[in-house]
1. Where is the GNM fluctuation largest for the chain (alpha-carbon springs, 10 angstrom cutoff): Glu58, Glu69, Glu204?
2. Apply the Karplus parameterisation 6.51 cos²θ - 1.76 cosθ + 1.60, with θ equal to phi minus 60°, to every residue of region 101-116 and state each ³J(HN,Hα) to the nearest whole Hz, in sequence, with x for glycine and proline.
3. Based on DSSP H runs of at least 4 residues, each adding -39500 (n - 2.57), what is the mean residue ellipticity at 222 nm of the chain after dividing by all its residues, to the nearest 500 deg cm²/dmol?
4. Can you work out the Karplus-derived ³J(HN,Hα) for every residue in region 175-187? Use 6.51 cos²θ - 1.76 cosθ + 1.60 with θ = phi - 60°, whole Hz, and x for glycine or proline.
5. Taking springs between alpha-carbon atoms closer than 10 angstrom, which of Gly202, Gly24, Gly150 fluctuates most in the Gaussian network model of the chain?
6. Would you mind computing, in nm to one decimal, how far apart the modelled labels at Lys121 and Asn213 are, each placed 7 Å from Cα along Cα→Cβ?
7. Long-range amide H contacts for Val82: which residues qualify at under 5 Å (H placed 1.01 Å from N, peptide plane, sequence gap of 5 or more or a different chain)?
8. Between beta-carbons, use under 10 Å as the cut-off and find the net charge around Val189, counting Lys and Arg +1, Asp and Glu -1.
Amino acid sequence: MKFFIDTAGLAEIKEAAGYGFLDGVTTNPTLLAREKVRDADEHIRQICALTPGPVSAEVTALDASGMAEEGRRLAALAPNVVIKLPLTMPGLAACRILRAAGIAVNATLVFSAVQALLAAKSGAAYVSPFVGRLDENGTDGMRLVEEILGIYRNYGYNTEVIVASIRHPQHVLRAALAGAHICTIPFAVLSKLASHPLTDKGLETFLADWKKNAG
Ligand code: E4P
């Protein structure tokens, strides 16, 4: 399973690269605003220079032609830019336009399996179901991921599922058990994935016993 990091923070991206867990990056307007980015294009270029993997940059237009025009501009920033389009009818139309121009699309803000079906039918390279936000609204977000993967397997769609809106390591575990292609993981969750109290305790005991024996 590929690990993308879900941040626009350059320091977090660099640290994730240092862990060896950086197959790509996803950003969105909120994540860019959080970094108080003044020149978004330059910031995306800097992110793209930190990884050879796909870097998702989201459009802010709402109409199909505006999205397509913004997508073309963003795609020209670097060869590994992927264009994020919201799962709306204009977004699906823009997806088809950008797909025809050879530009990869990540269909985002996906909350139903039917939306994911439309993304695949529109040629999206990636689809991003937001599992954490579904959990927070009383439904099982990971069940949606399982439904999407089942539909894509039924029809042989090549669209890759990026499990997004991840809140804790359990989301990563269930994504792996379901066979999701990618998890896009906030740095706070990524840095917790290797931690387990019994590992810490076991290591402490090993070293204490070793020191005791070494006298
Ligand atoms: C990733 O592509 C999404 O934009 C992101 O995971 C959304 O996460 P949030 O629900 O924490 O905003």
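The values are calculated or read from the model by the stated rules, or taken from the named source; none is laboratory data. Quick caveat, the model's predicted, so the values are computed rather than measured. Every residue, glycine as well, gets a Cβ built from its backbone with ideal geometry; the counts of neighbours run over all protein chains shown. Side chains are part of the model used for accessible areas, which takes the heavy atoms of the whole protein and leaves out ligands, DNA and RNA. Shrake-Rupley method; radii C 1.70, N 1.55, O 1.52, S 1.80 Å.
1. With Cα springs under 10 Å in the chain, the top fluctuation among Glu58, Glu69, Glu204 is at Glu204.
2. Going residue by residue, I get 8, x, 9, 6, 10, 10, 7, 10, 6, 9, 10, 9, 5, 5, 4, 5 Hz, with x marking Gly and Pro.
3. Values: 11 runs with 112 residues, N = 215.
So the helix-based figure for the chain works out to -15500 deg cm²/dmol.
4. Ordered by residue, 3J(HN,Hα) equals 5, 5, 5, 7, x, 5, 5, 9, 10, 9, 10, x, 4 Hz.
5. With Cα springs under 10 Å in the chain, the top fluctuation among Gly202, Gly24, Gly150 is at Gly202.
6. Inter-label distance under the simple model: 6.5 nm.
7. Val55, Ser56, Ala57
8. On the way: positive: Arg167, Lys192; negative: Asp6.
Counting the neighbours of Val189, the net charge comes to +1.
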